[in-house]
Structures are given as structure tokens and as C-alpha cells.
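Report on the structure given below.
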Amino acid sequence: MFEGWENYYLMVGSSAGALIGLMFVVVTLTAGRDRAEVDRGKHLYTSRIVWHLSVILALSGAAAVPGMSTRFFGFATMGLAVLGFAWGIRSAVGIARRPGAPDSAGFDMFWYGVAPAIVYVGLGTAALGLFSGKAWGTTGIAASLMALLLVSIHAEWDLVTFLAPSSGQSPPDNRP
């Protein structure tokens, strides 16, 4: 199914795995912050990034499994795409409704909610192409996973640059 893509999925999956590990470091930057604020941030920001990276890791691993059926991989990809889309929309709505949302709420809605939701639409579309036996299905899945990786890198970088300077202090605009 993914013949010739082995190195690609090894690279993308390994990158996602390393970034999941980096999220443990990011979480330590929340030490000393208000617990309610950290919980809000975890639900709207941190958990979403880990979810996206886990989807990349899981699908990259599944793509490397010998004998993986196209049908099973397609169902798994479609299921993850639907869940990811729902989480993206939920993130965007949650960020918009957050009390005392800072001026950066629009930026956050896009990068933590809308952009991932768009990528998951692409991933779901690619899964449908895979089901239909279209040659672009495998390329679409690869492109969607790379897009999701890039969106996740941006979100993780944004989160680190927000938390690091104020580590141990409450942020001025109440953004977790």
C-alpha cells in the first residue's frame, strides 16, 4: 500500500514522537501557575497538540506494518480524521468562548482549532481516495500528515515561546 514511502513515514513518525517527548518539557513550564488556568490550557492547547502528534505517530506506524490492509488503514484514518476535525472545531469554539479571551484569541482559534480541522478534512478526503483505489489517496495521506506535523510544530513553538519567558508567573493576558 505504501511501497516506497517507508523512509517518509519513518521520518514523520519519528518527528512526531520526539515532539510528544518535548511536550513533557513544555508541561514543566506550567509549574507554579494557577491550577484552574493550567487545566484550561491543557484542555484547549496542550492535549490537542499531543493528540495531533499521536495521530501522526499512529498512522506512520500503521503505514509501516507489513500486510496492513488498505481497508483497515482507511477506516482507521477516516476515524482519526473525524475525531481530529471535531477536536479542532471544539478547540476553536472553546478558545473563542474563554472568559477574558486575550487579543490573541483569533490567532489561537486559527492555529489550535481551524488549521488542524482543515488538515483533518484533507486527511479524511485522502482516506476516501484510498478506499476508492485512487493513486492520490496515498499521497494525500502523506501530505496531510506533513501538514498536521507542521501545524503541530507551529502550535508547540507558540506555546513554548508563550510559557518560557513567564515560567513560574501568571501570564499577563490569562492565556494558559
Response to the item:
Ranking 120, 79, 152 by how far each Cα lies towards the positive end of the charge dipole of the chain (+1 on Lys and Arg Cβ, -1 on Asp and Glu Cβ), the top one is 79
Worksheet item: If you rank 158, 108 by how much accessible surface each has, with a 1.4 Å probe, what is the order from largest down?
Response: 158, 108
Worksheet, complete the sentence: Once phi for every residue in region 127-134 is put through the Karplus expression 6.51 cos²θ - 1.76 cosθ + 1.60 (θ = phi - 60°), the whole-Hz ³J(HN,Hα) values, with Gly and Pro written as x, are 5, 5, x, 5, 4, 7, x, 6
Worksheet, complete the sentence: So, relative contact order of the chain in percent, Cα under 8 Å, 6 or more apart, is 32
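Where does the chain land at 222 nm, in deg cm²/dmol rounded to the nearest 500, when only DSSP H runs of n ≥ 4 count, each adding -39500 (n - 2.57), divided by all residues?
Rounded to the nearest 500, the figure is -24000 deg cm²/dmol.
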Worksheet entry | Surface share of carbon and sulfur [accessible, 1.4 angstrom probe, percent] for the chain | 68
Worksheet entry | Solvent exposure of region 10-161 as accessible area per residue, Å², 1.4 Å probe | 47
Response to the item:
Reviewing [x] 41, 34, 25; [y] 53, 35, 28; [z] 52, 28, 19, the figure for Cα extents along the principal axes in Å actually calculated from this model sits under [z]
Worksheet item: To the nearest 10 square angstrom, how much accessible area does residue 51 have with a 1.4 angstrom probe?
Response: 60
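Run the numbers for residue 72 and residue 14: contour at 0.36 nm per residue of separation, minus the present Cα-Cα distance, in nm.
Values: separation 58, 0.36 × 58 = 20.88 nm, distance 2.24 nm.
Length gained, residue 72 through residue 14: 18.6 nm.
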Fill in: Karplus-derived HN-Hα couplings along region 68-84 (A = 6.51, B = -1.76, C = 1.60, θ = phi - 60°), whole Hz, x at Gly and Pro
4, 6, 4, 5, 5, 4, x, 4, 4, 5, 5, x, 5, 5, 5, 4, x
Discussion item. If the only charges are +1 at each Lys and Arg Cβ and -1 at each Asp and Glu Cβ, what is the size of the charge dipole of region 1-134 around the Cα centre, to the nearest 20 debye?
Written reply: 320
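The values are calculated or read from the model by the stated rules, or taken from the named source; none is laboratory data. The model shown is predicted, which means the values in this text are computed figures rather than measured ones. Using ideal geometry, Cβ is built from the backbone for each residue, glycine included, and neighbour counts are taken over all protein chains shown. Please note that ligands, DNA and RNA were not included when accessible areas were found on the heavy atoms of the full protein model with its side chains. Shrake-Rupley method; radii C 1.70, N 1.55, O 1.52, S 1.80 Å.
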